[in-house]
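The values are calculated or read from the model by the stated rules, or taken from the named source; none is laboratory data. Treat the numbers as computed from the prediction; the structure is a model and nothing was measured. Every residue, glycine among them, receives a Cβ derived from its backbone with ideal geometry; neighbour counts consider all protein chains shown.
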Amino acid sequence: MSSGVMSRMETFTPRLCLKAVDQYETILQSRLSKSTKSPRNQQRVKNESSNTSIGRSYSVFRQWKKNDRDSKCNMDVSYIDDTKTNSLSSSLPNYYREVEYKGDTFIELQDLLFGFTDPSVIDIKLGTRTFLESEVSNNVARTDLYKKMISVDPNAPTNFEHENQAVTKLRYMQFREQQSSTCSHGFRIEAMKLPGAPPITNLKKIKEHVAVVETLKLFLGRYSITYEKLLEQLKDMRSRIEASSYFKTHEVIGSSIFIIYDEKKIGVWLIDFAKTYKVPDGKELSHRKPWKEGNHEEGFLLGIDNLISTIEEIKITL
């Protein structure tokens with residue numbers, strides 16, 4: 001199995017606004033190998049000397065540029081009040097501040113792994129749709145996407161697509177999502193790490209339910225208390241999302257549930273909110289209905305529903 005877990009953390013905060021953040025931790029080292037991401041931009045600022053004033057053991061820093069689209073706030077102010085009334089902030093990594101350090105700008109955020117000892121970690125991407133409607137609005141068929149499709153499955157294109165050797169962006173994106181449990185379950189397992197073992201990253205193509213069950217069972221182990229605590233937190237998170245006026249009016253694309261546990265405790269957070277946008281005025285989302293172009297539904301809550309039911313299914317067999 002390949003090593004290096006990729007987990008992008010675009011984190012929005014109850015105190016300020018959405019910041020796109022790449023969580024830097026040992027288990028996430030593979031992001032450093034990406035040519036589009038310089039190790040400089042993944043730098044962790046440590047408080048190693050008495051005259052360094054910006055390091056905390058429970059936080060991490062990521063360098064960012066103010067003209068970076070993913071580093072801009074795209075959450076409106078209503079989110080601040082919404083998280084206060086529903087206490088949803090407990091499900092979100094904390095954003096602490098923006099600092100200048102040796103001429104560079106960094107954002108400080110909660111180190112989710114702080115306080116855990118050799119934990120199990122998993123990143124589960126939510127939703128039946130992981131692309132924005134605006135990303136597939138162009139109906140022009142593309143040769144490059146056709147080539148990508150046949151490199152995965154030569155039989156996937158229709159006769160018409162084979163003849164033209166081109167597919168639309170929408171067609172390709174939906175095809176790509178069909179390669180995993182995204183469409184069937186409303187979630188897919190991105191990567192995980194078990195105690196004392198290297199990260200496991202070749203999980204995105206896990207599709208069949210039996211494979212999903214076996215993977216989650218491997219991650220969660222054989223102790224029922226782990227399942228009970230996790231289910232309690234997931235159900236509480238779901239209830240808070242359902243009660244949130246913010247989530248009713250926002251499309252959530254590409255978000256993940258990040259689960260960490262060790263022998264003493266378990267933590268569950270929502271991460272990755274760079275593609276979260278307010279829907280047109282007057283529209284509210286169920287986050288469970290099937291997507292049709294223009295309705296902005298993305299299966300966010302459907303994914304949480306199915307994750308909960310799958311974990312409950314495993315728990316019964318213990």
Suppose we keep only residues that are within 15 Å of the chain's Cα centre (by Cα) and among the hydroxyl-bearing types (Ser, Thr, Tyr) within the stretch 182-201. Which one would you say is surrounded by the most Cβ atoms within 10 Å (Cβ to Cβ)? 182
Does residue 204 satisfy being at pLDDT 95 or above and surrounded by fewer than 19 Cβ atoms within 10 Å (Cβ to Cβ)? no
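Residue-by-condition table, conditions (1) aromatic (Phe, Trp, Tyr); (2) within 16 Å of the chain's Cα centre (by Cα):
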site: 220; (1), (2): no, no
site: 263; (1), (2): no, no
site: 272; (1), (2): no, yes
site: 278; (1), (2): no, no
site: 290; (1), (2): no, no
site: 300; (1), (2): yes, yes
Among residues belonging to the stretch 239-282 that are over 22 Å from residue 183 (Cα atoms), in contact with an Asp or Glu (Cβ under 7 Å, 6 or more places away or on another chain) and surrounded by 17 or more Cβ atoms within 10 Å (Cβ to Cβ), point out the one that is modelled with the highest pLDDT. 249
Starting from residues that are touching a strand residue (DSSP E or B) at 6+ places or on another chain (Cβ under 8 Å) and aliphatic (A, V, I, L, M), keep the ones in the stretch 283-304 and report whichever is surrounded by the most Cβ atoms within 10 Å (Cβ to Cβ). 304
Within the stretch 207-220, residues surrounded by 15 or more Cβ atoms within 10 Å (Cβ to Cβ) and out of contact with any strand residue (DSSP E or B) (no Cβ under 6 Å at 6 or more places or on another chain) come out as 207, 212, 213, 216, 217, 220
So which residues in the stretch 190-238 are among the small types (Gly, Ala, Ser) and under 16 Å from residue 179 (Cα atoms), if there are any at all? 191, 211
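This table checks each residue for (1) farther than 18 Å from residue 306 by Cα; (2) assigned to a helix (DSSP H, G or I); (3) in contact with a Ser or Thr (Cβ under 9 Å, 6 or more places away or on another chain); (4) among the aromatic types (Phe, Trp, Tyr).
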position	(1), (2), (3), (4)
146	yes, yes, no, yes
149	yes, yes, no, no
160	yes, yes, no, yes
170	yes, yes, yes, no
175	yes, yes, no, yes
184	no, yes, yes, no
189	no, no, yes, no
192	yes, no, yes, no
205	no, no, yes, no
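Name the residue that is nearest to residue 195 (Cα to Cα), counting only residues in the stretch 120-171 that are among the aromatic types (Phe, Trp, Tyr) and at pLDDT 95 or above. Steps first, answer last, please.
Kept after step one, since they are among the aromatic types (Phe, Trp, Tyr), are these residues of the stretch 120-171: 131, 146, 160.
Filter once more, so that each one left must be at pLDDT 95 or above: 146, 160.
Numbers: 146: 40, 160: 49 Å.
Only one residue fits best here, namely 146.
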Can you tell me how many residues within the stretch 272-318 are assigned to a helix (DSSP H, G or I), in contact (Cβ under 8 Å) with a residue 60 or more places away in the chain and of a type in the set (A, V, I, L, M)? 7
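Mind checking which residues of the stretch 138-152 are among the charged types (D, E, K, R) and out of contact with any helix residue (DSSP H, G or I) (no Cβ under 8 Å at 6 or more places or on another chain)? Spell out how you get there, then give the answer.
Step one: list which residues in the stretch 138-152 are among the charged types (D, E, K, R), which gives 142, 144, 147-148.
If the condition is that a residue be among the charged types (D, E, K, R) and out of contact with any helix residue (DSSP H, G or I) (no Cβ under 8 Å at 6 or more places or on another chain), then 144, 147 are the ones that fit.
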Among the residues of the stretch 230-250, are any more than 14 Å from residue 315 (Cβ to Cβ) and part of a strand (DSSP E or B)? yes
